[in-house]
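The values are calculated or read from the model by the stated rules, or taken from the named source; none is laboratory data. Just so it is clear, the structure is predicted and the values come from calculations on it, not from any experiment. Cβ sites come from the backbone with ideal geometry, for glycine too, and all protein chains shown count toward neighbours.
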Amino acid sequence: MTRVQAPRQSGTVAGWRGRSAALLAGLTLGGLALAGVTPTGSVPDGTAAADSAASVPGPEASTSPGPFPSTYRVPATPPLLIRGGTVLTGTGERLDDADVLIVEGRVRAVGTHLAAPPEARVVDAHGRWVTPGIIDIHSHLGVYASPATRGTDDGNEATSPVTANVWAEHSVWPQDPGFETALEGGVTTLQILPGSANLIGGRSVVLKNVASTTVQGMKFPDAPYGLKMACGENPKRVYGSRHQAPSTRMGDVAGYRQAFADAQDYQRQWDKYRREFAEYQAKLARRAHGGSGAHAGTAARAGEDKPLTPPTPPKRDLKLETLAEVLAGQIRVQMHCYRADEMAIMLDVADEFGFKIAAFHHAVEAYKIADRLAERGVCAAMWADWWGFKMEAFDGIQENLPMVDRPANGCAIVHSDSEDGIQRLNQEAAKAIAHGERAGLSVPPERAIRWLTLNPAKALGLEDRVGSLEPGKGGDVVVWSANPFSVYALADQVYIDGALRFDRAHPAARPRSDFLLGQPGTQSAPDSEKAP
Amino acid sequence: MTRPFTWCVLAAALWVAAGARAEDVLIRGATVYTESRQGTLGHGDVLLHDGSVAAIGVALAAPAGTTVIEAHGRPLTPGLFGGMSGVGLEDVAAEPQANDTTLDAQSPAWNEQWRPELDITLAYNPRSDFVPITRLEGVTWTMLAPGVGDTIVGGQGAAVSLDGRFDAVLPDSHFLLLDMGGDGARRAGGTRAAEFMLLDQAIAEAHGVAAGAGALLHPAGRDVLARYLKGGHVVFRVQRAADILAVLSFARRNGMNPVIWGGAEAWVVGRELAQAHVPVVLNPLEDLPKSFDRLGATLDNAARLARSGVLIAFSSDNTEFARTARQLAGNAVAHGLPWEAALAALTANPADVFGVGATRGRIEIGRRADLVLWSGDPLELASLPDRVWANGRDVPLRSRQTELRDRYLKRLAAGEAR
């Protein structure tokens with residue numbers, strides 16, 4: 001029941017499955033994912049999607065928002081005024097004794113002595129801290145759900161090294177109880193990625209952490225998709241153990257390159273089709289024009305009586321379609337890569353094919369190339385202190401986050417890859433802050449909060465919509481009982497688009513997965529349920 | 001003539017590993033959490049002489065030649081417990097050559113493959129990177145736990161001091177590990193009921209009942225199991241409330257001294273555990289129903305068990321995370337456990353659970369110095385150890401990781417981290 005084929009089932013202490021959260025996730029299937037954008041690309045004859053990506057192949061019949069569209073709607077809520085808290089805006093500012101006003105689901109204002117609109121709900125945050133909602137750029141909730149059973153083991157389509165055709169959203173089980181525990185940790189937006197067994201694992205999906213019966217009800221409307229890719233040990237171990245490519249790191253790289261070379265060829269087929277289709281349309285137009293115009297006689301040349309045949313579109317290939325959208329810049333590459341030297345190779349692969357890597361995930365050695373990453377505008381998503389469970393994690397250090405944060409334009413992200421870690425991303429950041437401080441890299445709370453808010457929003461292409469408390473952005477807010485970088489701090493209230501989704505003071509109203517409903521002895525069951 | 005020579009070399013090596021004799025130190029003006037009958041001293045002094053605690057009190061005089069450390073109120077605690085881990089047993093979990101945690105017998109569970117005689121401490125390597133890396137976070141000792149291989153019997157583990165010495169295993173701290181419940185079931189033929197069936201058979205063999213061709217144990221295993229029927233600790237890895245009660249009943253019937261490890265649903269049977277004086281080693285962060293054995297997992301587990309009067313200790317159950325012990329305790333406090341009880345779950349409690357309370361988990365006169373001076377609240381994430389003494393040694397706060405950090409900090413400062 002391990003998630004991946006680890007060389008030894010028992011990493012450290014045991015073959016205990018309980019351990020899989022930490023070890024196996026990184027080790028085996030764990031964290032990779034991609035984020036993506038427009039699902040099926042564009043229509044060849046000119047919708048908005050096609051405009052932005054003329055070279056993107058796509059089926060004629062595809063619709064503009066793509067299949068599986070989000071059904072999430074911002075609930076109607078009265079205005080919300082969170083008054084008097086210590087506000088970390090997510091933009092690097094700290095405002096003491098400040099107010100946050102949310103109207104119609106969006107941040108209206110952040111400042112002092114804001115007036116409460118009529119009928120506003122007013123929350124007293126004196127003595128408490130207020131931050132943007134937390135964003136986890138690397139989660140497998142729903143695809144590796146709790147309980148971890150064979151029946152819910154849906155995170156890795158480990159049947160081929162390149163499965164760009166699969167979409168994480170088709171594996172997400174919305175009843176995973178991990179969503180609600182993540183919410184209690186302040187997580188409002190999360191990217192669900194396929195695992196890392198494959199070189200190219202498939203599309204990610206970005207979700208709002210709202211309870212829903214369907215994944216469509218959780219999908220972040222119009223969020224770009226990501227593509228999960230994986231460096232290093234996991235793909236070569238999974239396929240090498242089957243005596244199949246890749247079994248080495250050079251095999252890994254050959255695999256990425258061939259996949260994108262195939263995607264280029266696919267793009268050319270669609271480009272050719274689009275040209276032919278345009279010609280066909282032009283001919284149609286000419287004929288229609290000629291038929292009714294003054295020069296109809298001269299236009300009636302031989303052969304033009306025949307009906308025009310439209311060109312036949314190439315067959316859609318779901319795998320290459322996704323990769324072509326990456327080449328067109330519509331889908332963002334989210335790349336699992338531990339080692340610095342491998343990240344440098346992948347930056348060159350990206351240059352060769354003309355795509356951009358949004359973020360390296362599990363970037364345990366990002367500190368070694370922090371300047372290069374900053375120059376390239378590539379984010380590094382990191383754990384605070386995971387290390388050592390496999391060779392590519394051997395050089396992990398606890399100052400990774402503050403070191404990546406240091407150069408101008410550095411983009412450090414704290415991520416979880418874990419149903420446990422996602423509940424405490426603020427604490428993961430806190431550990432990194434402490435070690436940075438000791439190493440002379442002081443990171444104040446107002447700067448560190450960006451690691452789990454604005455920076456992941458940037459890497460997801462959502463920085464204009466979430467990640468900071470700025471007017472016009474979505475009203476995703478966490479009210480903390482104390483400085484969120486204290487181990488004792490708890491998220492008291494969590495708002496998504498201005499709607500209260502979790503309130504610690506009202507446990508009965510918190511989301512509860514269908515799976516846990518009515519189970520004996522579920523979480524926080526009252527003492528009266530104790531055995532007699 | 002080779003043998004005496006070998007012993008000389010070995011003795012020299014041990015001496016070198018132990019390092020120079022610790023200097024005498026007076027830690028002045030600390031908040032001293034003794035975890036002993038002395039309680040907490042608000043502005044206390046601790047004198048270390050020859051690597052041992054020579055005096056604890058207020059306004060102690062510094063004997064000549066003593067280095068004085070002004071604590072300015074900083075907390076001083078016993079060295080922390082690193083939980084059940086493989087520190088010094090594995091350097092890279094995913095690399096078989098660097099992982100000695102688990103015996104894989106590769107045979108059917110009922111074919112003489114139970115090996116309770118395995119003693120995993122024989123694989124302990126005090127020179128592993130994990131030792132200083134873990135110690136940097138104030139963890140000075142851990143229970144070395146064998147992994148669980150093909151059978152429900154993991155073998156024996158014991159407490160080790162993370163002081164870097166070769167002879168790090170603490171005396172009289174061995175335990176036998178049995179993996180029960182749903183995890184053990186697949187190692188016992190597919191049902192957890194068979195765990196008890198097979199254990200009953202093994203116990204009969206240990207009592208000398210001839211088992212014939214279907215014997216589970218070798219002679220050495222029979223001896224070891226027989227010993228645990230008379231004393232020592234048997235650690236049962238078990239999560240589900242019903243399974244915990246089954247284990248209590250089984251242990252009582254067979255004269256075993258059980259420790260519950262895991263105990264995700266232990267809070268459900270807190271009263272029974274308290275009445276039986278059976279301790280629980282738990283990870284207080286486990287709050288998800290990760291398996292059907294853990295549907296009742298909750299962040300309140302530690303607080304509820306403590307309220308029921310159960311002796312609790314904390315464990316991340318993970319070698320890499322042995323160093324995060326404090327975070328476990330801090331979160332338990334956030335979810336209702338009194339702060340003092342949380343610190344005890346990393347100090348005196350685990351020491352008592354595993355029978356090393358006379359040397360670990362408390363600050364008392366006459367003990368080897370096993371102490372941490374913290375920059376602030378030891379359970380708070382912003383705090384770090386300023387000084388660590390492990391088993392009498394004033395250990396440097398350096399590791400391979402700090403070396404890597406310093407190398408690349410220089411490059412970063414020069415804009416050359418590329």
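Please verify whether region A:150-160 includes one or more residues that are within 20 Å of A:Thr322 (Cβ to Cβ), surrounded by fewer than 22 Cβ atoms within 10 Å (Cβ to Cβ) and of a type in the set (Val, Ile, Thr).
Yes, region A:150-160 has at least one match.
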Check your understanding: Just one of B:Asn331, B:Asn349 is at the interface with chain A (Cβ under 10 Å from one of its Cβ atoms), among the polar types (S, T, N, Q) and either in a loop (DSSP other than H, G, I, E, B) or in contact with a Pro (Cβ under 8 Å, 6 or more places away or on another chain) (or both); which is it?
Key -> B:Asn331
Practice item. Using the structure shown, decide if B:Asp119 is at pLDDT 95 or above, surrounded by fewer than 22 Cβ atoms within 10 Å (Cβ to Cβ) and of a type in the set (D, E, K, R). Key: yes
Point to revise | Within region A:455-468, considering residues that are surrounded by 24 or more Cβ atoms within 10 Å (Cβ to Cβ) and not in a loop (DSSP other than H, G, I, E, B), the one nearest to the other protein chains (Cβ to nearest Cβ) | key: A:Asn455
**Study point:** Out of B:Gly214, B:Gly231, sole residue that is surrounded by fewer than 16 Cβ atoms within 10 Å (Cβ to Cβ) and within 21 Å of B:Ile312 (Cα to Cα)
**Key:** B:Gly231
Point to revise | Test for A:Ser442: is it polar (S, T, N, Q), more than 10 Å from chain B (Cβ to nearest Cβ), under 19 Å from A:Ala366 (Cα atoms) and without any contact (Cβ under 8 Å) to a residue 60 or more places away in the chain | key: yes
Check your understanding: In the set A:Glu419, A:Glu399, which member is crowded, with 24+ Cβ neighbours inside 10 Å, under 23 Å from the mean Cα position of the chain (by Cα), facing chain B (nearest Cβ under 9 Å) and at pLDDT 95 or above?
Key -> A:Glu419
**Study point:** Residue that is farthest from the chain's Cα centre (by Cα) [pool: residues in region A:83-119 that are surrounded by fewer than 23 Cβ atoms within 10 Å (Cβ to Cβ), hydroxyl-bearing (Ser, Thr, Tyr) and not in a strand (DSSP E or B)]
**Key:** A:Thr112
Review point. Is it the case that B:Glu320 is charged (D, E, K, R) and buried (at least 24 other Cβ atoms within 10 Å of the Cβ)?
Key: yes
Review point. If you scan region B:161-189, which residues turn out to be assigned to a strand (DSSP E or B) and under 30 Å from B:Ala22 (Cα atoms)?
Key: B:Ser161, B:Val169
Exercise for review: Run A:Ala508 past the list (1) of a type in the set (A, V, I, L, M); (2) outside any loop (DSSP other than H, G, I, E, B); (3) at pLDDT 95 or above and report the number of the one that doesn't hold.
Suggested key: (3)
Exercise for review: Identify the single condition in (1) modelled with pLDDT of 95 or more; (2) buried (at least 24 other Cβ atoms within 10 Å of the Cβ) that B:Gly164 does not satisfy, given that it satisfies every other one.
Suggested key: (2)
Review point. Is it the case that A:Gly127 is away from chain B (no Cβ under 14 Å), part of a loop (DSSP other than H, G, I, E, B) and closer than 22 Å to A:Gln423 by Cβ?
Key: no
Practice item. Go through region B:34-70 and give me each residue that's over 28 Å from the mean Cα position of the chain (by Cα) and in a loop (DSSP other than H, G, I, E, B). Key: B:Val58, B:Ala59, B:Leu60, B:Ala61, B:Ala62, B:Pro63, B:Ala64, B:Gly65, B:Thr66
Exercise for review: Run B:Ala358 past the list (1) within 14 Å of chain A (Cβ to nearest Cβ); (2) free of Cβ contacts under 8 Å to residues at least 60 places away in the same chain and report the number of the one that doesn't hold.
Suggested key: (1)
Revision key, fill the gap. Going through region B:358-375 in order, the residues found to be part of a loop (DSSP other than H, G, I, E, B) and surrounded by fewer than 24 Cβ atoms within 10 Å (Cβ to Cβ) are B:Ala358, B:Thr359, B:Arg362, B:Glu364, B:Ile365, B:Gly366, B:Arg367, B:Ser375
Exercise for review: Out of B:Gln113, B:Gln97, report the one residue that is polar (S, T, N, Q), surrounded by fewer than 24 Cβ atoms within 10 Å (Cβ to Cβ) and free of Cβ contacts under 8 Å to residues at least 40 places away in the same chain.
Suggested key: B:Gln97
**Study point:** Residues satisfying the stated conditions in region B:209-252, i.e. assigned to a helix (DSSP H, G or I) and within 24 Å of B:Ala264 (Cα to Cα)
**Key:** B:Ala241, B:Ala242, B:Asp243, B:Ile244, B:Leu245, B:Ala246, B:Val247, B:Leu248, B:Ser249, B:Phe250, B:Ala251, B:Arg252
Check your understanding: Consider A:Asp385 against the criteria (1) within 10 Å of another protein chain (Cβ to nearest Cβ); (2) buried (at least 24 other Cβ atoms within 10 Å of the Cβ); (3) within 30 Å of A:Asp176 (Cβ to Cβ): it satisfies all of them except one. Which criterion is unmet?
Key -> (2)
Review point. Which residue pairs have Cβ atoms closer than 8 Å, lie 6 or more positions apart in sequence or on different chains, and pair a first residue in region A:75-103 that is at positive phi with a second residue that is in a strand (DSSP E or B) and surrounded by 17 or more Cβ atoms within 10 Å (Cβ to Cβ)?
Key: A:Gly84/A:Ala98; A:Gly84/A:Asp99; A:Gly90/A:Thr131; A:Gly90/A:Pro132; A:Asp97/A:Gly84; A:Asp97/A:Gly85; A:Asp97/A:Thr86
Exercise for review: Considering every residue within region B:46-60, establish whether at least one is buried (at least 23 other Cβ atoms within 10 Å of the Cβ) and within 14 Å of another protein chain (Cβ to nearest Cβ).
Suggested key: no
Exercise for review: Go over the candidates B:Ala202, B:Ala246, B:Ala226, B:Ala194 one by one and state the one that is more than 11 Å from chain A (Cβ to nearest Cβ), modelled with pLDDT under 95 and out of contact with any Cys (no Cβ under 9 Å at 6 or more places or on another chain).
Suggested key: B:Ala194
Point to revise | Options B:Arg387, B:Arg368; residue that is more than 14 Å from every other protein chain (Cβ to nearest Cβ) and either among the β-branched types (Val, Ile, Thr) or closer than 19 Å to B:Glu35 by Cα (or both) | key: B:Arg368
Check your understanding: Any idea which of (1) touching a residue at least 40 places away in the same chain (Cβ under 8 Å); (2) more than 10 Å from every other protein chain (Cβ to nearest Cβ) is the one A:Ile433 doesn't satisfy?
Key -> (2)
Practice item. Within region B:263-308, track down each residue that is outside any loop (DSSP other than H, G, I, E, B), among the small types (Gly, Ala, Ser), touching a Ser or Thr at 6+ places or on another chain (Cβ under 9 Å) and within 10 Å of another protein chain (Cβ to nearest Cβ). Key: B:Gly270
Check your understanding: So which of B:Leu379, B:Leu343, B:Leu397 is in a helix (DSSP H, G or I) and within 14 Å of another protein chain (Cβ to nearest Cβ)?
Key -> B:Leu343
